[in-house]
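Every number in this text was worked out from the coordinates using simple rules, so none of it is lab data. Only a predicted model underlies this, so the values are computations on that prediction, with no experimental measurement involved. Because the Cβ atoms are built from the backbone with ideal geometry, glycine has one as well, and the counts that use them run over all protein chains shown.
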């Protein structure tokens, strides 16, 4: 594009900026559910090597509740309830189950390399100091 063509394009954008921004906002609002679903699907496939169907099966097997505390997810992002987190071993990549954000964050606070030993120590500490 030449400098003259760039100037024409900039001038046209400047004159129509509010309308253009309104159209873009409308487009992004309309396509947001599709974009979110696609990014979630990609993450399930790339990070956890599972399909949406695998997730849904695991969700059904756990009766829609966290594998640790047994409660359904209650956290929200806007008006949408957040889905259960996919818990996996960071070393092997093996998916262990679906957890609520609270339990997933709690597990994440322990070092993955020595997690079972640390959780056992934490349990013993809590039992000794009721």
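Tabulated data for the structure shown
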item: Cα-based helix-to-principal-axis angle, 115-128 vs the chain, degrees rounded to 10; result: 60 degrees
item: Tilt relative to the chain, helix 3-47 - C-alpha long axis, 0 to 90 degrees, to 10; result: 20 degrees
item: Ellipsoid semi-axes in whole angstrom, largest first, where each is sqrt(5λ) of the Cα gyration tensor of the stretch 65-130; result: 24, 17, 9
item: Length-normalised contact order of the chain in % [C-alpha pairs under 8 Å, at least 6 apart]; result: 14 percent
item: Distance between the stretch 73-87 and the stretch 1-52 - C-alpha centres, whole angstrom; result: 25 Å
item: Residues 54, 3, 11 arranged by fewest to most Cβ contacts within 10 Å; result: 3, 11, 54
item: Cα-based Rg of the stretch 7-111 normalised by 2.2 N^0.38 Å, two decimals; result: 1.54
item: Which of 69, 100, 85 has the fewest Cβ neighbours within 10 Å, and the rest in rising order; result: 69, 85, 100
item: Surface/4 of the Cα convex hull for the stretch 1-47, nm²; result: 5.2 nm²
